[in-house]
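Working notes, beginning with the structure itself.
The values are calculated or read from the model by the stated rules, or taken from the named source; none is laboratory data. The structure displayed is predicted, hence computed values, not measured ones. Quick reminder, even Gly has a Cβ in these numbers, built from the backbone with ideal geometry, and neighbours come from all protein chains shown. For accessibility, only protein heavy atoms count, side chains too; no ligands or nucleic acids. Shrake-Rupley method; radii C 1.70, N 1.55, O 1.52, S 1.80 Å.
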Amino acid sequence: MPRPLPTPAEAAEILARKRTRPQHRPPPVAGRGLSKLLKELDAKYGQGPGALQARWREIVGVELAKRTEPVKLTKPRGGGPGALEIRVAGASAALIQHQAHEIVSRVNLFLGEGAVNKLRIVQGPLRTAATETRPARRRAAPLDAAQEAELARGLEHAPDSPLKAALLRLGRGVMRRGAG
């Protein structure tokens, strides 16, 4: 004889008395969780692209560092020597291409023998050139009242326009240098 099914109220009471366990999930793969941390630590303390960026001027020299910057260091999956990608400013790429062997040998001297065997050159604007600050320009001393009046007298018949303002600036610059 079949057993009668419980009512919804009885089913809720039975389920409330039962202690259920959460579904078993395996822990996440350790490599996936640690890879981001290891990359950050390697970039900061290791000999990765971060170390190259920080000491690029010492590695390749002042002249090459003005025209280039390291972008990334790519290692193959199976290990072995990697490829260094550098960004080159404008038309200097041909010059850098001729010095590729020397740059690779200098980088290998810094990172260790056999760390890099290829150099990828990408043309583009350098980020380091944009972030370098230029020294502040000194403001030139203003003209004295007599010189300013002479300049205004020379341009009094010109109509007020951007051309007149530009001529005033030019005149002030010429008079400051003592040519007039």
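In table form, for the structure just shown:
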quantity: Any hit, the range 107-128, residues being surrounded by fewer than 15 Cβ atoms within 10 Å (Cβ to Cβ), at pLDDT 85 or above, under 30 Å from Gly171 (Cβ atoms) and more than 22 Å from the chain's Cα centre (by Cα); calculated: no
quantity: Test: residue in the range 131-149 that is out of contact with any helix residue (DSSP H, G or I) (no Cβ under 7 Å at 6 or more places or on another chain) and over 30 Å from Arg176 (Cβ atoms); calculated: yes
quantity: Some residue of the range 82-98 being touching a Lys or Arg at 6+ places or on another chain (Cβ under 6 Å), open to solvent by less than 80 Å² (accessible area, probe 1.4 Å), under 27 Å from Ala54 (Cα atoms) and in a loop (DSSP other than H, G, I, E, B); calculated: yes
quantity: Answer from Arg21, Arg32 - the residue that is part of a loop (DSSP other than H, G, I, E, B) and modelled with pLDDT under 85; calculated: Arg21
